[in-house]
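Values in this text are rule-based calculations from the coordinates and carry no lab data. Quick caveat, the model's predicted, so the values are computed rather than measured. Here the Cβ is made from the backbone with ideal geometry for all residues, glycine too, and neighbour counts use every protein chain on show.
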Amino acid sequence: MINILGKIMNLGEIVKIALIYYLIYLITLIIHELGHAIVAKLNGMNFKIFIGNKNKKILLDTKYIRIYRTFLPSGFCQYYSKGDKSYDILSLFNKSLLILGGVLFNFVIVLILLLMINFLKMSNQYALVSDALLNANIAFIILNLIPCKFDGRYSDGLRLINYYRNRKVS
């Protein structure tokens with residue numbers, strides 16, 4: 001009987017850890033998409049963040065975010081013209097920032113977490129969560145810079161390469 005209870009306790013711990021990592025993934029995904037959204041807003045553009053698969057049921061739909069019911073969601077930030085401010089008139093630098101906004105935001109979070117981990121005294125639980133959040137943000141940076149197409153969408157790395165390959169030289 002004791003072995004069975006021990007296994008149940010271990011299973012409970014595994015489920016708890018899996019839920020923590022899932023939440024960390026979702027937080028990191030939202031941080032990434034917010035990076036694109038903030039750069040779009042700073043450039044005077046409108047945006048809408050999409051989390052999940054558009055073929056699934058909508059859980060939340062507001063002016064700025066739409067979340068679909070998906071177990072392991074991906075994200076996308078759509079930005080579009082606002083009045084006279086158009087993507088087409090943005091400078092080369094601002095277009096690049098818009099494409100890399102998510103990665104840059106993840107990078108800022110990595111720097112903040114590194115400072116916290118190295119200079120704050122945290123309990124083991126907070127240190128483990130901080131480490132997991134740090135690793136998730138580093139993984140997001142790397143995976144988003146790899147030029148590829150996933151789930152019908154281009155990675156930030158592929159979008160940047162395509163932008164520089166197809167831009168008009170004036």
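Here is how the numbers come out for the structure above:
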| read-out | value |
| --- | --- |
| Using alpha-carbon coordinates, inclination of helix 124-145 to the longest axis of the chain, degrees | 30 degrees |
| 15 Å Cα-Cα reach of Lys121 towards aspartates and glutamates, excluding residues that sit fewer than 8 places from it in its own chain | Asp131 |
| Degrees between helix 156-166 axis and first principal axis of the chain (Cα, 0 to 90, nearest 10) | 20 degrees |
| Exceeding the 23 Å Cα-Cα cut-off - candidates Lys56/Lys95; Lys48/Lys149; Lys16/Lys48; Lys54/Lys149; Lys56/Lys149; Lys95/Lys149 | Lys56/Lys95; Lys16/Lys48 |
| Highest average packing first - 23-36, 89-102, Cβ atoms within 10 Å | 23-36, 89-102 |
| Principal-axis tilt of helix 2-42 within the chain, Cα atoms, nearest 10 degrees | 20 degrees |
| Sorted by Cβ neighbour density within 10 Å, fewest at the top, the residues Val39, Val15 | Val15, Val39 |
| Taking Phe119, Phe50, Phe140, Phe107 and counting other C-beta atoms within 10 Å, the order from fewest to most | Phe119, Phe107, Phe50, Phe140 |
| Simple spin-label estimate for Ser91 and Ile138 in nanometres, 7 Å along Cα-Cβ | 3.4 nm |
| Normalised alpha carbon radius of gyration of the range 2-166 [divisor 2.2 N^0.38 Å] | 1.22 |
| Contour excess over end-to-end distance, with Cα ends at Tyr164 and Ala127 and 0.36 nm allotted per residue | 9.3 nm |
